[in-house]
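The values are calculated or read from the model by the stated rules, or taken from the named source; none is laboratory data. Quick caveat: nothing in here was measured; it's all calculated off a predicted structure. Note that each Cβ is placed from the backbone with ideal geometry, even for glycine, and that neighbours are counted across all protein chains shown. Accessible surface areas use protein heavy atoms only, side chains included; no ligands, DNA or RNA. Shrake-Rupley method; radii C 1.70, N 1.55, O 1.52, S 1.80 Å.
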Amino acid sequence: MRFKDRAVIVTGGSKGIGEGCSRVFCAEGGLVAILARGSEAGSRLAEELSKTGPGRAIYISCDVGQPQQLIDAIEIVVKSFGRLDCIINNAGAHPPATTIDNTTIEQMEELMRINYLSTFVGSKYAVPHLRKTKGTIINMSSMTAVLGQEHSTAYCATKGAQVSLTKSLAIELGREGIRVNAILPSNIDTPLMRDWASTLDDPNSALDRVSKLQVFGRMGTIEEMGRIALFLATDDSSFLTGQAIEAEGGASLDY
Ligand SMILES: NC(=O)c1ccc[n+]([C@@H]2O[C@H](COP(=O)([O-])OP(=O)(O)OC[C@H]3O[C@@H](n4cnc5c(N)ncnc54)[C@H](O)[C@@H]3O)[C@@H](O)[C@H]2O)c1
């Protein structure tokens, strides 16, 4: 019960890595607010988690690419739970592999809004509440922020921006006792990963190839990412801030 009666917002908390975070925090007694677009998956998961407990979950429909929707959702969460201890800025999109020639300015702007601007807005509007609890901010970036990825210029740039925000904000908020960290997953088995693979010529061999990139020969699980987030949200990590935690199963070793 490492998050008992404490409140967390998980953007994109209905599926994939966000779902893993929602499950882990609820299992530790947390009050979990799932913010996502697909209302069916979100409300189903919130219902399931509230039933199994020991924590409790609510679903709030929110497109994080629309700043006002995110601002309103944060206020609803604080009204519902009476507090906020952590925001996990996790929701994100990965477009199909595309060259820079075929990436339009509009597509770049749109992705910046969903992956990066949402991280800025989520952090900015959570901070007044996190000041009261000495809470934490966790930004779901990617190993591609530091390694790059072929035909993913726009995506990698948004993920790099999240890391830079993490470091600067950690300096700004450290003296107030608010910690800010980022998680940089390599390859995690999620709907996003499978959707991305399906845009490639041979999805099965692509999934096999990305599994073998980790020294364990497999992708990470959503629960493994949730447990890293839990560590960053509790006092177990009280001396960590501004860090880009490379949750990559050894994928960057032995290049
Ligand atoms: N899966 C991986 O291997 C991997 C690797 C590195 C980084 N990441 C990052 O982790 C995060 C989660 O990825 P995932 O693989 O779990 O994705 P996913 O597509 O499996 O799940 C994404 C979740 O975000 C929600 N979402 C997407 N766009 C949204 C929007 N505009 N507003 C509200 N909710 C929205 C979806 O409803 C869903 O709940 C992303 O930021 C992604 O960039 C994933």
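Key figures for this structure:
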| read-out | value |
| --- | --- |
| Mean shadow area of the chain over all directions, Cα convex hull, nm² | 13.2 nm² |
| Cross-link reach list, lysines versus K132, counting only Cα pairs under 21 Å and skipping chain neighbours closer than eight places | K4, K79, K124 |
| Accessible area of I105 in the full protein assembly, 1.4 Å probe (Å², nearest 10) | 130 Å² |
| Region 126-180 and region 199-223: distance between their alpha carbon centers, rounded to Å | 26 Å |
| Helix-derived mean residue ellipticity, 222 nm - over the chain, DSSP H n ≥ 4, -39500 (n - 2.57), to 500 | -15000 deg cm²/dmol |
| Loop-located trypsin sites (Lys or Arg not before Pro) in region 121-225, at most 10 other Cβ atoms within 10 Å (DSSP) | R175 |
| Under the span-like rule (Cα at least 24 Å along the axis, Kyte-Doolittle mean at least -0.5), DSSP H helices of the chain | 153-174 |
| Coil-residue GluC sites (Glu not before Pro) of region 90-181, DSSP, other Cβ within 10 Å capped at 12 | E150, E176 |
